[in-house]
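Below is one structure, written out as structure tokens, with a few remarks after it.
The values are calculated or read from the model by the stated rules, or taken from the named source; none is laboratory data. Keep in mind the model is a prediction, meaning the values are calculated, not measured. No Cβ is skipped: glycine too gets one built from the backbone with ideal geometry, and neighbour counts run over all protein chains shown.
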Amino acid sequence: MKKVITYGTYDLLHYGHIRLLERAKKLGDYLIVGVTSDDFDKARGKINVQQSLIERIEAIRSLNIADEIIVEEYEGQKIDDIKKYGIDIFTVGSDWVGKFDYLKEFCEVVYLDRTEGVSSSDIRKESNNIRLGLVGESRFLNKFYEESKFVNGVEVVGICTNDVAIFDEQIKQLPIITKDYNELLENVDAVHIHSEPVKHYEQIKTALINHKHVLCESPITLSTSQTQELIELAKDNGVILLDGIRTAYCTAFSRMVVLAKSGIIGNVVSVDATCTSLSKNADAPGWNSIYSWGPVALLPVFDILGTNYKSAEIVTSLQNQTDIDLFTKINFIYESAVASIKVAKFVKSEGDLVISGTKGYIYVPSPWWKTSYFEVRYENFSDNKKYFYQFEGQGLRYEIAYFNKLINQSKDEMITMDQNISKAIVAVMEAFCGKREVKIINFDTK
């Protein structure tokens, strides 16, 4: 019996996929189809696959072409599979000509002509294209724009800003450059807001009323009641409101949180996160230390320990009697755990994350918010484990891809990173602004 094997993502299964599989089947007597896992797709740069692994496997199974379906999960698996299953022929589309010639050492390699004019990428672009507008005066929008190019189906078409001069030339060449927010909203399906946090509430509300999806740089607002209002408004209008913390959408961070909760380090008793930078000349007005770094640092605390802490103490140093904090430290007391965060734009410290447990601890080195690697460490260092994951660019492409996927799933309810976490972050910002449980200290910043 001649065995044939092929691999693919098979997202949004189309005629080109089917035709290729039919021809692959004719090469032998038994066809094995490898469907790539979500994590492996991300590692290969496919970050906006629309369907889950289960959906893609079921789509292949429904064709009744494959004799066996397996999951491709890691680099180098093709050689392992060829040996394991006794493969005679490996085949893929002709757009990969030469790429897999190294497999000729193990079996015959056949490149099949692809069906012209049909691809999943084109389908995503044509049927699900999202016109996205940018809002704000943050230079970070330059990075956001660059990262958006890696996500099929998302096209940045304009920007609403009072200071276009701070942006790169590519943004200055967008079709829509305006100071009129309503003009931008008339020409887009969704907006990414990176304006001053005090402006978020009105800008988000206006977008939601106009049935536009919103991806807002965290914090969503500086008021818990306003945040709840926006959550309900998004749900009522059937649009997406997504909390923009790029770390939350990265594979490594998600896996790290799952491991921490799994008991691999025993009971978690402490989470300590530090985020600092020496950026006295802020890249955007209205972003102090707690607004810029607070949501990021709070994410692992609330994700791992939950949002029901018993008490919190905020210690901060303010600049010249303003609300601009040079440095802020927050201590949380839980029923059976503690947590602390340190954030600063005028002070520098080691930007790592440590999760302490009764059996061991998880260490994420600086800059932990760009999580691509972490370690699970024990008393006996020979038991330590290291975890590596793909992290491209600034990580914004994963956030944008997730936002795009939520929109295209046509959910009729508001979806955030996690509503409870989003609201808990806002509650901390609100306490800071109201000087509740806040101790103010002074130090020399020279």
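Check every one of the helices (runs of 4 or more DSSP H) wholly within segment 1-97 and list those with 1 or more residues that are at pLDDT 90 or above and within 30 Å of K405 (Cα to Cα). Don't jump to the end; show me each part of the working.
Details: elements: 15-25, 38-43, 53-62, 77-85.
Ranges flagged: 15-25, 53-62, 77-85.
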**Prompt:** Does segment 253-274 include one or more residues that are in the same structural domain as N142 (by TED's automatic domain parsing), within 22 Å of the chain's Cα centre (by Cα), of a type in the set (G, A, S) and not in a strand (DSSP E or B)?
**Reply:** no
**Fill in**
Listed by first then second residue, the pairs whose first member lies in segment 284-306 and is under 25 Å from S254 (Cβ atoms), whose partner is of a type in the set (G, A, S) and in a helix (DSSP H, G or I), with beta carbons under 7 Å and at least 6 positions apart or on separate chains, are L299/A248; F302/A424; I304/A260
**Members of segment 368-384 found to be out of contact with any helix residue (DSSP H, G or I) (no Cβ under 6 Å at 6 or more places or on another chain) and either under 16 Å from K261 (Cα atoms) or surrounded by 14 or more Cβ atoms within 10 Å (Cβ to Cβ) (or both), listed by number** = W368, K370, Y373, E375, V376, R377, Y378
**Residue match in segment 182-202 (condition: of a type in the set (A, V, I, L, M), closer than 21 Å to Y402 by Cα, part of a loop (DSSP other than H, G, I, E, B) and assigned by TED's automatic domain parsing to the domain that holds N162)** = yes
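Here's the yes/no breakdown for (1) modelled with pLDDT of 95 or more; (2) in contact with a strand residue (DSSP E or B) (Cβ under 7 Å, 6 or more places away or on another chain):
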position	(1), (2)
V239	no, yes
L259	no, yes
G266	yes, yes
V269	yes, yes
A273	yes, yes
A282	no, no
P295	yes, no
I304	yes, yes
Y309	yes, yes
**Complete:** Result of the Cβ filter at 6 Å on segment 249-272, keeping first residues that are at positive phi and partners that are surrounded by 17 or more Cβ atoms within 10 Å (Cβ to Cβ), at least 6 apart or interchain, is G266/G357
**Prompt:** Just checking, how many residues over segment 133-153 are part of a loop (DSSP other than H, G, I, E, B) and hydroxyl-bearing (S, T, Y)?
**Reply:** 1
